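One structure below.
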Amino acid sequence: MNPDQNPYPIDYLNQIAPEQPKASMGNKLFFILIGGGLLVAIIVGILALTSGNNGPTQKMQTLSARLTTLQKVSSDSQKTIKNGTLRSTNGTLTILLTNANRDIAEPLSKNGVDVKKIDKSIQTKEDGAKLTEQLEEARLNAIFDRVYAREMSYQLETVAALMKQIYNSTGSKSLKTYLEATDANLQPVMQQLADFNAANG
């Protein structure tokens, strides 16, 4: 055999090497996965934006339920309050909450919320059971006035914060007008309750 003569063909190494997988299929799968992921992200984003429009609806229902509960609590508490100044402040508060509950129906109705059909979970959450329990305990311990002023002051602060959130998330002129008027009416009572707390805390 001639040593210059190569017994193997030139492409021998190519013949015995394992076949390389085709890159095009891997690339296709990669792009399909990336495209699918982007599509899912877009859908989730759209759903988040759409459901964000329901956020104000839930908050409007919460506001209505909370105002109704606070009206009942303030009305029921009037006979238990001993301090004359606090009784006068609370009498004003009861009237303001009665008016607020009456006036809220129309702007909420224009925004798709029926005050007579509040979601049951919201009604349960805003039923005031815990507040009523705290007030009853305060009455039994002869510290009702102080606890009532503190708790109602806090509750009205949560109402004011909730109204501000709704105000910033709605484009409804009638609802904004209602929120502005209600907040303006409640602010002096909130201040009076805060002053009572400061004097008797």
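The values are calculated or read from the model by the stated rules, or taken from the named source; none is laboratory data. Just so we're clear, the structure is a prediction, and the values are computed from it rather than from any experiment. Virtual Cβ from ideal backbone geometry, glycine too; neighbours counted across all protein chains shown.
Go over the candidates Ile118, Ile166, Ile143 one by one and state the one that is in the same structural domain as Leu96 (by TED's automatic domain parsing) and more than 18 Å from Ala105 (Cα to Cα).
Ile143
Any chance you could count how many residues in region 107-157 are under 18 Å from the mean Cα position of the chain (by Cα), part of a helix (DSSP H, G or I) and surrounded by fewer than 17 Cβ atoms within 10 Å (Cβ to Cβ)?
7
Can you tell me which condition Gly128 does not meet? The list is (1) touching a Leu at 6+ places or on another chain (Cβ under 8 Å); (2) within 24 Å of Ser77 (Cα to Cα); (3) at pLDDT 90 or above, and all the others hold.
(3)
Pairs only if they're at least six apart or on different chains, beta carbon under 7 angstrom, first in region 74-98 and outside any helix (DSSP H, G or I), second of a type in the set (S, T, N, Q); list them, first residue then second.
From region 74-98, the pairs are Gln78/Asn90; Gln78/Thr94; Ile81/Asn90.
Just need a number here: residues in region 81-129 that are farther than 19 Å from Ser172 by Cβ and out of contact with any Ser or Thr (no Cβ under 7 Å at 6 or more places or on another chain).
Qualifying residue count for the region: 23.
Would you please list the contacts, defined by Cβ atoms under 6 Å and residues six or more apart or on different chains, that run from a residue in region 159-185 that is β-branched (Val, Ile, Thr) to a residue that is surrounded by fewer than 18 Cβ atoms within 10 Å (Cβ to Cβ)?
From region 159-185, no pairs qualify.
Every residue in region 74-91 that is crowded, with 21+ Cβ neighbours inside 10 Å, closer than 18 Å to Asn185 by Cβ and of a type outside the set (Ser, Thr, Tyr), please.
Asn90
For region 41-51, indicate whether the set of residues that are surrounded by 16 or more Cβ atoms within 10 Å (Cβ to Cβ), polar (S, T, N, Q) and either at pLDDT below 90 or under 19 Å from Asn185 (Cα atoms) (or both) is non-empty.
For region 41-51, residues surrounded by 16 or more Cβ atoms within 10 Å (Cβ to Cβ), polar (S, T, N, Q) and either at pLDDT below 90 or under 19 Å from Asn185 (Cα atoms) (or both): absent.
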